[in-house]
1. Condition first: surrounded by 17 or more Cβ atoms within 10 Å (Cβ to Cβ) and either of a type in the set (A, V, I, L, M, F, W, C) or without any contact (Cβ under 8 Å) to a residue 60 or more places away in the chain (or both). Now tell me which residues in the stretch 266-283 satisfy that.
2. Do we find a residue being crowded, with 17+ Cβ neighbours inside 10 Å and of a type in the set (Phe, Trp, Tyr) anywhere in the stretch 19-39?
3. With the condition kept exactly as written, say whether any residue in the stretch 46-58 is out of contact with any helix residue (DSSP H, G or I) (no Cβ under 6 Å at 6 or more places or on another chain) and more than 19 Å from residue 92 (Cα to Cα).
4. Among helices (runs of 4 or more DSSP H) lying entirely in the stretch 1-112, which contain 1 or more residues that are touching a residue at least 40 places away in the same chain (Cβ under 8 Å) and more than 30 Å from residue 236 (Cα to Cα)?
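The values are calculated or read from the model by the stated rules, or taken from the named source; none is laboratory data. All of these numbers come straight from a predicted model, not from anything done at the bench. Cβ coordinates were reconstructed from backbone atoms using ideal geometry, including for glycine residues, and neighbour counts include every protein chain displayed.
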Amino acid sequence: TRQLEAIALVLQSQGQHQKALKSFDRVVTMLSKYEDTALQLSRVRAGKALSLHALGDSVHALGMLKQYVVAVRETGDKNEEASSLQRLGKMHADVGDAENAVQCHARELKLRRELSVVATSSGALAASPTPASTSTTPQTGVPVDKARQGDVCDSRDTVREACDASQHCSSTSNSDKPKCSSNDSTRSSGNISHSKGAGNSREEDAAQKELETSMALAAALSLAGRHREAIFYYTAALRKAQQTHNVLEQGVLMVSIGTVLLQDGREALATSAFRQGLDFLEE
């Protein structure tokens, strides 16, 4: 069944969704003959859901993905739950259901942050027997429900903070620009080694996924017309991109912030964000 499922996934990645559905259905038929395969069946149906969605049957696709989220949550596998929520949130956004997309990505972001803390702690322990002075991951952003209640700073202040924070990269002279290059990703504070070990790779992977989730949540909030919250989470993603020295992501994020500001009628700030985003993208 694993090989047949792998074939279905390959067909799906190639856009051959009708053939992929037939392969998924064969896997479901085979698994249904055995006991204790409920989680496997749910996973296969979640894979099938992506092809159904691509072919326009989003109602059934969403139902299958929701069932898988529930099933995997019961196992306690936070990484797989986050991944399934990412797919479900994207599908909700695709069909224009912004609020459900927000809820999925908000839950996903909570899980990603928990996983980032674990990866950071593991990386610090693997790098040195003594605690590093900067071994914790700073928390960025606030829960969506708190942001909705007005506990988040005004979007004007938030974007100015974002612009100011990125200024050291976008406005430096050519001689200073290497400080913002991806080569700096090997420089670490505290007692962490300069070489990239397995622990450091896990930490970077967790940070990248957290960044991507913040972007997805911000996009969903923007789709819902909740512009202040969207800017907040785009800014959270921007901080994460700065930590990983990802210049390309910083440029994309500044353009995204500019777009939301424009939608919110803040043209002057939007222009500033667009300019800084283009500066990053031109590097």
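1. Residues satisfying the conditions are 269, 270, 273, 274, 277, 280.
2. Taking every residue of the stretch 19-39 in turn, at least one turns out to be crowded, with 17+ Cβ neighbours inside 10 Å and of a type in the set (Phe, Trp, Tyr).
3. no
4. Where helices (runs of 4 or more DSSP H) fall fully within the stretch 1-112 and carry at least 1 residues being touching a residue at least 40 places away in the same chain (Cβ under 8 Å) and more than 30 Å from residue 236 (Cα to Cα), they are 2-13, 38-54.
Per-residue answers, yes or no, for (1) surrounded by fewer than 17 Cβ atoms within 10 Å (Cβ to Cβ); (2) touching a helix residue (DSSP H, G or I) at 6+ places or on another chain (Cβ under 8 Å); (3) of a type in the set (Gly, Ala, Ser); (4) modelled with pLDDT of 95 or more:
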{"position": "233", "(1), (2), (3), (4)": "no, yes, no, yes"}
{"position": "237", "(1), (2), (3), (4)": "no, yes, yes, no"}
{"position": "243", "(1), (2), (3), (4)": "yes, yes, no, no"}
{"position": "256", "(1), (2), (3), (4)": "no, yes, yes, yes"}
{"position": "264", "(1), (2), (3), (4)": "no, yes, no, no"}
